[in-house]
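A.B. asks: One structure is given below, represented as structure tokens, and several questions about it will come after.
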Amino acid sequence: MSAPLIWIIIPGVFGIFALLITNQRILFFLGGVLALLLAFIAIIIPIDTALQFGNLSLKIAPAIEILGRRLVLIPADGPLLAIFYGLVAMWLFGAVLTKTSNRLVPLGLLISSLMIASIAVEPFLYAAILIEIAVLLAIPLLLPLNKTPGPGLMRFLIYQTLGMPFILIAGWMLAGVESSPGDLDLAVQSATILGLGFAFLLALFPLYIWLPMLAEEASPYNIGFIFWIMPTITIIFGLGFLDRYAWLRASESLQQALSIGGIIMVVTSGLWSAFQRHLSRQMAYAVVAETGFSLLALSLPPEKAIQFVFLLIIPRSLALLVWALSLTRLHENVGLLRFSNVTGLARKYPFASAGLILAHLSVAGFPLLAGFPVRIALWEGLAAESLGMAFWFLIGIFGLLTGAIRTLAVLVKAPQGTGWEFQEPSTTSIIIGFAVISLFILGIFPQIFRPLVGNLPAMFEHFGK
Amino acid sequence: MTIVVWVAVVIVSITAFVLLLSRDWRIELGLLGIQYLSVFWLTSQHWPMSMAAIKLVTGWMAIATLGMTQLNVKETIVRGPQFWPQGWLFRLFAAGIVIVIVIASTPRIDSIIPGIGLPVIAGSLILLGLGLLHLGITTQPFRVIIGLLTVLSGFETIYSALESSILVAAMLSIVNLGLAMVGAYILTARNPENI
């Protein structure tokens, strides 16, 4: 047994076979259980360590070789695999409520396995191609056959595809920088091309225009999954570059670019969110803000940066899951998610409305919610570096909060004397209720995931020190 | 031999140029087929013939996928937003600018990355530039896929000089074929009555 076989090949092969299963309930159950099992194995069985069960010895080898290239998952990757597949399981279990299992389970598992492969592959440059293949698989997930593709989907395909050549060329140039470190021009050129590649992949300002467009066009749950998985893994892939090249890690220009890029993302997404009148587009701006937070975290001194980047993962994932679930519930009932269509819906769908608002507030860093502890820590870290940055960070947060309050006002607005008419299925209410409670638990006791998240920097050779 | 390579560059320029102007999918796929032939020739400057043939075979398979799909879908004219100038004169002018930029920048890139060869750089940049222009002025799925395939051809031409791994060639082929399949899927989705 090898780690890549368990966490890359098995979910990938299952994803392919799952395409043949049409029963939604069986799919959701099998897919969710498989993802949960993979998370559980990652927690209890360490990679590359022999375990004795009586006379039986079990050891998961860290690498396999395919056509002369290696897929390697080191022991330090264990916590990431546990968190990643745990979150994938939550998304797949949630799919049954949204009746999207027949697409999300097979394609979600295939995309997940490709994303993990992109972290595991050596040489790591191949990751860009694996991410591109995952992007291609995301298209059928986002576009059902009975819908006309919109401009958002086409831009998603274009922008993500354009990222790959830049990363591959940058990788080749970075190898040149390694062999001749004194060549400053080559270093600047390669860093610029690398930056362009990541700007496309992570949808950085101003290339994030497709996010709100796509959010408006696609199913909220499926788009939520893509909005969660793509930036999360791409950021970890980006960390790999920083870890590998010391000159890149130490570059002050890069730190400045990251902090300016991050703050622009946070401020602009906050402002657009404050004036937005479409609930799905609000979610897209929250994703833009989350990417901005990650860039800001990366701009801090390396020992803090890596911790903050990983601390952001779980609150972001949970908030997006609650947000996507709640949006799907509302979407199924009203179709268009414009403010004019959802006015007063809190009286019919109180759990979905509450989930939506609380997820939005969590992304905005509202106290007691999952996003709060890491936002306040990040804000403190930024203030230590630059008060100006801390001020603009606050403006962005204020914009996101305004968006949440406007959504709240629209959802609860109803003529005087209007009564409550519960129309939510009890299963939906229970699941959204549990997810909301977990947002609070993570906000009040942020240390519960510390044992898992705290070890994540060890994935990297230099960051981990 | 060098003349033949430059002929490939001229062919690439003509096909990418006409792809930008044409509105008939049959002509566009035919041009794309000729373009892949030139890309194969340019790639073979750095790769063995048998390996460079991967580009040709993959490209033609992608064309076959798109062609089969187009044959089976009802032709519907979907007009995208018209906020950009899109007339043939504008496209001609924009393509001219791209060609001028390519002529100006080819020797510079040759000095930055020596050993690739001027024709390979020029061919690659023309495909990249005109492909990007193509992507910039259309939102129609079929044309977007053609634009992306053109951009990728340009990238793969120059990348073949830098990386000669068989696995990379295979993975890039998967990307090209995947793109064609995604294109076929999107074209079918536009016409649900054809399902």
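A.B. asks: So, of the residues in the range B:175-195 that are over 16 Å from residue A:141 (Cβ atoms), at pLDDT below 95 and within 7 Å of another protein chain (Cβ to nearest Cβ), which turns out to be surrounded by the fewest Cβ atoms within 10 Å (Cβ to Cβ)?
C.D. replies: Selected residue: B:195.
A.B. asks: Restricted to the range A:12-43, and to residues that are modelled with pLDDT under 90 and outside any helix (DSSP H, G or I), which residue is farthest from residue A:98 (Cα to Cα)?
C.D. replies: A:21
A.B. asks: Where in the range A:44-153 are the helices (runs of 4 or more DSSP H), entirely inside, with at least 1 residues that are closer than 29 Å to residue B:175 by Cβ, more than 14 Å from every other protein chain (Cβ to nearest Cβ) and not hydrophobic (A, V, I, L, M, F, W, C)?
C.D. replies: So the answer is A:78-98, A:101-120.
A.B. asks: Right, next: Among the residues that make up the range A:411-423, is at least one of them modelled with pLDDT under 95 and under 22 Å from the mean Cα position of the chain (by Cα)?
C.D. replies: Within the range A:411-423, none of the residues are modelled with pLDDT under 95 and under 22 Å from the mean Cα position of the chain (by Cα).
A.B. asks: Restrict the check to the range B:153-171 and report whether at least one residue is among the aliphatic types (A, V, I, L, M), more than 24 Å from residue A:147 (Cα to Cα), within 9 Å of chain A (Cβ to nearest Cβ) and in contact with a strand residue (DSSP E or B) (Cβ under 6 Å, 6 or more places away or on another chain).
C.D. replies: yes
A.B. asks: Which ones in the range A:74-115 are surrounded by fewer than 21 Cβ atoms within 10 Å (Cβ to Cβ), in contact with a Pro (Cβ under 6 Å, 6 or more places away or on another chain) and touching a residue at least 40 places away in the same chain (Cβ under 8 Å)?
C.D. replies: Answer for the range A:74-115, where residues must be surrounded by fewer than 21 Cβ atoms within 10 Å (Cβ to Cβ), in contact with a Pro (Cβ under 6 Å, 6 or more places away or on another chain) and touching a residue at least 40 places away in the same chain (Cβ under 8 Å): just A:74.
A.B. asks: Cβ-Cβ under 9 Å, sequence separation 6+ or interchain: first residue in the range B:86-103 and more than 19 Å from residue B:143 (Cα to Cα), partner surrounded by 12 or more Cβ atoms within 10 Å (Cβ to Cβ) and of a type in the set (S, T, N, Q). Which pairs?
C.D. replies: Here the result reads B:99/B:13; B:102/B:13, each pair linking the range B:86-103 to a residue that is surrounded by 12 or more Cβ atoms within 10 Å (Cβ to Cβ) and of a type in the set (S, T, N, Q).
A.B. asks: Right, residue A:302: touching a Lys or Arg at 6+ places or on another chain (Cβ under 7 Å) and under 27 Å from residue A:238 (Cβ atoms) or not?
C.D. replies: For residue A:302, the condition - touching a Lys or Arg at 6+ places or on another chain (Cβ under 7 Å) and under 27 Å from residue A:238 (Cβ atoms) - is met.
A.B. asks: List pairs: first in the range B:112-123 and within 12 Å of chain A (Cβ to nearest Cβ) and closer than 11 Å to residue B:157 by Cα, second surrounded by 15 or more Cβ atoms within 10 Å (Cβ to Cβ) and not polar (S, T, N, Q), Cβ under 9 Å, 6+ apart or cross-chain?
C.D. replies: Listed pairs, sorted by first residue: B:116/B:46; B:116/B:109; B:116/B:110; B:116/B:158; B:116/B:161; B:116/B:162.
The values are calculated or read from the model by the stated rules, or taken from the named source; none is laboratory data. Note that the structure is predicted; figures quoted are calculated from it, not measured. When we count neighbours, we look across all protein chains shown, and the Cβ atoms used for this are built from the backbone with ideal geometry, even at glycine.
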